[in-house]
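Participant: One structure follows; several queries about it will come next.
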Amino acid sequence: MAASMPTRRSRSTATALALLCLAGGTAAAEEPAASFYKGKTVTIMVGSSPGGGYDLYARLIGRHLGRHIPGNPSIVVGNMPGAASNVLAAHIYNVAPKDGTVIGAIFMGAVVEPLLGQKQRATHDTSRFNYIGNANKDTYVCLVRSDAPVKTFGEALEKELVVGGSAEGASTRDFPVLLNNLLGTKLKVVSGYAGSREINLAIERGEVEGGCGETWSSVAATFPSWFRDGKVKVLVQEDVDGYPALNRQGVPRTLDFARTEEQRRILEVIYGQTTFGRPYVVAPEVPAARIAALRAAFMATLRDPDLVAEAERMQVDVMPIAGEELQAKIAALYATPKDLLEKARQALARK
């Protein structure tokens, strides 16, 4: 006998159950942020090793963020270094909870790698992340030991300078390669360091002579005696505008050495990412109400007088960008003309 057709009552029952499940899911997603976060723990994961600039900022933020998230959850900070923070980006995208309890502090390079990188990651899409905010606009610099044979950036066009770097996609590797390819510097990049902390320890030991793609705010805070005692100096600024104090000291920008308008445009495209030097993200699936709550909490935290006072004591800059503005900046960067992106991509390729 042929199977009987579903009755009208069974179809109605199935439809009602489906709507009930959908309503339940929607209600869970729209649960007030305070109710959701109360009693929970929010983890800030850092895409680099402990002790570096990204870790420094994340732990500063972590000490204050819980007071500003509705429900006042506990905050813990952990580290997941690897592949220029792409290990962490893949973890947030694929593995970590999608409920707003895991925030990632990823490298700016990971954000723009689909545009500028030589490797196309199949494991995650950083353009789809929800951006909570940016802690600081960084000015990137090249540093050099005072006993190195290169004393000025102009000399780096003529003499070899050994600099430390980490993985492809990290500024400490990509920025010196860019200068070699585009401007003709003779920077010998020793890659493989876990992060800026390890590179700076190598500079301290004399294992390398300097480093490029370093954030001025973090290195000035973590190694103040270098610059006070004249052991290390800033060779050049890798930034469109430059840092005010360094500008006053007469430290040049790499853009000053561009010989053509095309070279200048390529540098401006690549340095455009430095406006969001310390982005914080959550997974694409996090409910909108929690994204809004985290964005508001992030900005309130970075403006908190207690955090501002602590940042001043630590001698680190805090210049936050709101999550909505950051999301728009990244969308605009992804709209860069393809021909210019291809030229920028080639300038970052290690030859």
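Participant: Considering amide H positions built from the backbone, and no H for Pro or chain starts, which residues 5 or more places from Lys40, or on another chain, come under 5 Å of its amide H?
Facilitator: When sequence neighbours closer than 5 places are left aside, the close amide H contacts are Ser74.
Participant: Using amide H atoms built in the peptide plane, which far-off residues or other-chain residues are under 5 Å from Val77 H to H?
Facilitator: Amide H to amide H, under 5 Å and 5 or more residues apart or across chains, Val77 pairs with Ile44.
Participant: Whole angstrom only: what separates the Cα centroid of segment 85-134 from the Cα centroid of segment 276-290?
Facilitator: 10 Å
Participant: Okay, next question. Check cross-link reach from Lys137 to the lysines: straight Cα distance under 17 Å, and skip same-chain residues fewer than eight apart.
Facilitator: In chain and number order, the partners are Lys329.
Participant: Follow-up. Beta carbons within 10 angstrom, averaged per residue: use that to sort the peptides 143-149, 272-278, highest first.
Facilitator: Sorting 143-149, 272-278 by mean packing, highest first, produces 272-278, 143-149.
Participant: Count neighbours as other Cβ atoms within 10 Å of each site's Cβ, and list the GluC sites (Glu not before Pro) in segment 193-284 that are DSSP loop with at most 16 such neighbours.
Facilitator: Glu207
Participant: Among Ser166, Ser85, Ser225, which one shows the biggest mean-square fluctuation in a GNM of the chain, springs joining Cα atoms closer than 10 Å?
Facilitator: Taking springs between Cα atoms under 10 Å, the residue moving most is Ser225.
Participant: Check cross-link reach from Lys40 to the lysines: straight Cα distance under 29 Å, and skip same-chain residues fewer than eight apart.
Facilitator: Lys98
Participant: A further question follows. Sort largest first and round to whole Å: the equivalent ellipsoid semi-axes of segment 27-176, each the square root of five times a Cα gyration tensor eigenvalue.
Facilitator: 36, 18, 11
Participant: Using only Cα atoms, what is the ratio of the radius of gyration of the chain to 2.2 N^0.38 Å?
Facilitator: 1.14
Participant: Could you state the principal axis extents of the C-alpha atoms in segment 249-351, from the largest down, to the nearest angstrom?
Facilitator: 46, 41, 23
Participant: Can I ask one more? Summing -39500 (n - 2.57) over the DSSP H runs of n ≥ 4 in the chain and dividing by its residue number, what mean residue ellipticity at 222 nm do you reach, to the nearest 500 deg cm²/dmol?
Facilitator: When only DSSP H runs of four or more count, the value is -13500 deg cm²/dmol.
Participant: What number results when the radius of gyration of segment 140-273, computed over Cα atoms, is divided by 2.2 N^0.38 Å?
Facilitator: 0.95
None of the figures in this text is laboratory data; all of them are computed from the coordinates on show. Since we're looking at a predicted model, the values are computed, not measured. Note: ideal-geometry Cβ built from the backbone for every residue, glycine included; neighbour counts use all protein chains shown.
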